[in-house]
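Participant: Mind looking over this structure? Questions follow.
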């Protein structure tokens, strides 16, 4: 186990973009749309940087899987403070299980103390990759983390669950997926962007990582826009509101 | 032949309502398999699970309940439960868990151990291997299809299914699995169950507050209205981030997805990430000072006004209405 942290990041349509389905239902419109680091992954990276700043890790490696364009997001990760970046370059979108296999191969190369990644990506909303990596790696997982304490060989993780908060203790190395309230990611400053241009960004192929089969198993047959709700009524007072609720039979 | 396994969610000796919704989804898959039979089993893992297995056995459509008692199963640790569910999986064509934080944590680990992908947030069954699910915070729906011979592992979007009705008890079968379990993950603590108020995930009525409440104290206004209505309390991410209420009240893409009969949004602007969580509510009411707030685009009934004035009035009217109904 080295003292490195692997942070997996995904390039996604920016959270502020209103996503639209293509007229032929073959996908969503991505042309000319702003792309960003998945916000949950940005939180994962921020946490890794803070762990390094506390002297508990030496190297932060940002990794991603996707087309060459993902270099933009990896450069942002380097500007935020990652020491180096690795892009596993593929043209087609991959399923979470394949991503987990690629991450496992990177884990075996770098032997990190921790793998940090967002609890979900805001595009596919799958919430799978971290858990799948932990299963394949046969290591602990702590998902939906809102607090993380390290003591060298163990991590104590507070998780946001439906019933409130849960605390787990896991042996390292482990996979931790990050929730919104873990931290607030830092802003990138211009000098850091300039400096990031000189940091190493390596590109690999799945074959170089020993993952031969990356084909999708699940076929997406159709994309569609969900039905919208009919426009409602406006009322002018609490009394009118109660009357409207009574009329709808919900009181 | 098809067979479906539902992994039960439970805590404190009580079966979580998410399990009855998963059973409904399993019933829909079984119907899609017809005329082939597709029996439904429920697996209950825990240290002592007798009351939970009894509750699971009373769900309509269940063939039998598997009781997997083991001291290590006391807490629902994904690393501990997943290998046991994976060991049961060869008997089944479909393995389902709820799309709650419990199922979201556990099921992908099960899928990876089985070497298959997972269908997340399954919202409709189109064939035994074709399902609809939401992406992009429910702004897009996709139909996904798996190869017919592949085992289906899925999390079920609980807001899309009604709970399975009660029926005559199914048999309960104790199982002992010889599966080695890891010791690398240990349960430390869990916040106490919030008793006394309806559960946000299953409540018929929900009153939710946003940043406009402006303080933890002001949420009392909302709690009083919720009490008058017999409603659960929810919140937007902004209100949780600001520390007005705890995280388990968050409704939306990254919080809870709910489908109450009545949802009242107070001082919530209506970011798409929040709207994701309430799309299946039958009636949405919005009270907001800002007439242009996006929440009004989805509200069935909108009231532009100061919530600090309107909410106490509304509470009084509802209490008066209840009192006259009882007299």
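Participant: Please find, in a Gaussian network model of chain A (springs between Cα atoms separated by less than 10 Å), the residue of A:179, A:171, A:125 whose mean-square fluctuation is greatest.
Facilitator: A:125
Participant: Follow-up question, since we're still on this one. Sticking with the crude label model, points 7 Å out along Cα→Cβ, report the distance from residue B:308 to residue A:198 in nm, one decimal please.
Facilitator: 5.5 nm
Participant: To the nearest 500 deg cm²/dmol, what mean residue ellipticity at 222 nm is calculated for chain A from DSSP H runs of n ≥ 4 alone, each contributing -39,500 (n - 2.57), summed and divided by the residues?
Facilitator: Helix contribution divided over all residues of chain A: -8000 deg cm²/dmol.
Participant: Using a Gaussian network model on chain B with a 10 Å cutoff between Cα atoms, which of B:71, B:189, B:291 fluctuates the most?
Facilitator: Residue with maximal mean-square fluctuation among B:71, B:189, B:291: B:189.
Participant: Same structure again: Given a cut-off of under 8 Å on Cα pairs at least six residues apart, what relative contact order in percent is computed for chain A?
Facilitator: 23 percent
Participant: Express as a percent, rounded to the nearest 5, the fraction of DSSP beta bridges in the protein assembly as shown (both residues included) that run antiparallel.
Facilitator: 35 percent
Participant: For the residue pair residue A:108 and residue A:149, what label-to-label distance in nm results when each label sits 7 Å from Cα along the Cα-to-beta-carbon direction?
Facilitator: That separation, rounded to one decimal, is 3.6 nm.
Participant: Any chance you could check the Cα centroid distance between region B:72-93 and region A:202-238 for me, in angstrom?
Facilitator: 28 Å
Participant: Which of rounded, prolate, oblate describes the protein assembly as shown, given a ≥ b ≥ c as roots of the alpha-carbon gyration tensor eigenvalues and a/c under 1.5 marking rounded, otherwise prolate only if a/b is larger than b/c?
Facilitator: Note, shape of the protein assembly as shown comes out oblate.
Participant: Once you order the gyration tensor axes a ≥ b ≥ c over the Cα atoms, which shape class does chain B get: rounded for a/c under 1.5, otherwise prolate or oblate by comparing a/b with b/c?
Facilitator: Here chain B falls in the prolate category.
Participant: Round to the nearest 10 and give me the degree value, 0 to 90, for the angle of helix A:238-247's Cα axis relative to the longest principal axis of chain A.
Facilitator: 80 degrees
Participant: Can you tell me, using C-alpha contacts under 8 Å and at least 6 residues apart, the relative contact order of region B:205-326 as a whole percent?
Facilitator: Result for region B:205-326 is 24 percent.
Participant: Say we join alpha carbon atoms closer than 10 Å with springs in a Gaussian network model of chain A; which of A:197, A:52, A:159 then has the biggest fluctuation?
Facilitator: Maximum among the listed residues: A:197.
Participant: Set the Förster distance to 35 Å, then compute FRET efficiency between residue A:69 and residue B:127 from the Cβ-Cβ distance, nearest 0.05.
Facilitator: 0.50
Participant: Place a point 7 Å from Cα of residue B:242 in the direction of its Cβ. Which residues in region B:304-318 have their backbone N less than 20 Å from it?
Facilitator: Of the residues in region B:304-318, B:304-313 have backbone N under 20 Å from the label point off residue B:242.
Participant: Please report the spacing between the Cα centers of region A:22-81 and region B:199-229 in Å, no decimals.
Facilitator: The two parts, judged by their Cα centres, are 36 Å apart.
Participant: Averaged over its residues, how many other protein chain Cβ atoms are within 10 Å of peptide A:212-221's Cβ atoms?
Facilitator: Shielding by partners across A:212-221 averages 4.
Participant: Related question: Could you tell me how far the Cα centroid of region B:123-178 sits from the Cα centroid of region A:114-144, in Å?
Facilitator: Comparing the Cα centres of region A:114-144 and region B:123-178, I get a distance of 21 Å.
Participant: OK, next. Given only helices, namely DSSP H runs of n ≥ 4 each adding -39500 (n - 2.57), what is the per-residue ellipticity at 222 nm of chain B, to the nearest 500 deg cm²/dmol?
Facilitator: -8500 deg cm²/dmol
Participant: Same structure, new question: From the Cα gyration tensor of chain A, with a ≥ b ≥ c the square roots of its eigenvalues, which class applies: rounded if a/c is under 1.5, or else prolate if a/b is larger than b/c, or else oblate?
Facilitator: In terms of gyration-tensor shape, prolate.
Participant: Quick check: the angle from helix A:96-110's long axis to the longest principal axis of chain A, C-alpha only, nearest 10 degrees?
Facilitator: So the helix axis and the longest Cα principal axis differ by about 30 degrees.
Participant: Using r as the Cβ-Cβ distance of residue A:237 and residue B:162, and R0 as 51 Å, what FRET efficiency do you calculate, to the nearest 0.05?
Facilitator: Once the sixth-power term is evaluated, E becomes 0.90.
Participant: Let me ask something additional. With each label point set 7 Å from Cα along the Cα-Cβ vector, what nm distance links residue B:316 and residue A:189?
Facilitator: A separation of 5.6 nm, rounded to one decimal place.
Participant: Average partner chain C-beta neighbours within 10 Å, per residue of B:142-148?
Facilitator: Average neighbour count from other chains, rounded to a whole number: 5.
Participant: Right, next: Note down the relative contact order for chain B as a percent, whole number, built from C-alpha pairs under 8 angstrom at least six residues apart.
Facilitator: 14 percent
Participant: Would you mind getting me the FRET efficiency between residue B:292 and residue B:64? Use the beta-carbon distance for r and R0 = 56 Å, nearest 0.05.
Facilitator: 0.50
Participant: Within 10 Å of each Cβ of B:261-271, how many other protein chain Cβ atoms are there on average?
Facilitator: 1
Quick note: the coordinates plus some simple rules give every number you see, no bench work behind them. What you are looking at is a predicted structure, and each value in this text was computed from that prediction instead of being measured. Here Cβ is always computed from backbone atoms with ideal geometry, including for glycine, and neighbour counts include all displayed protein chains.
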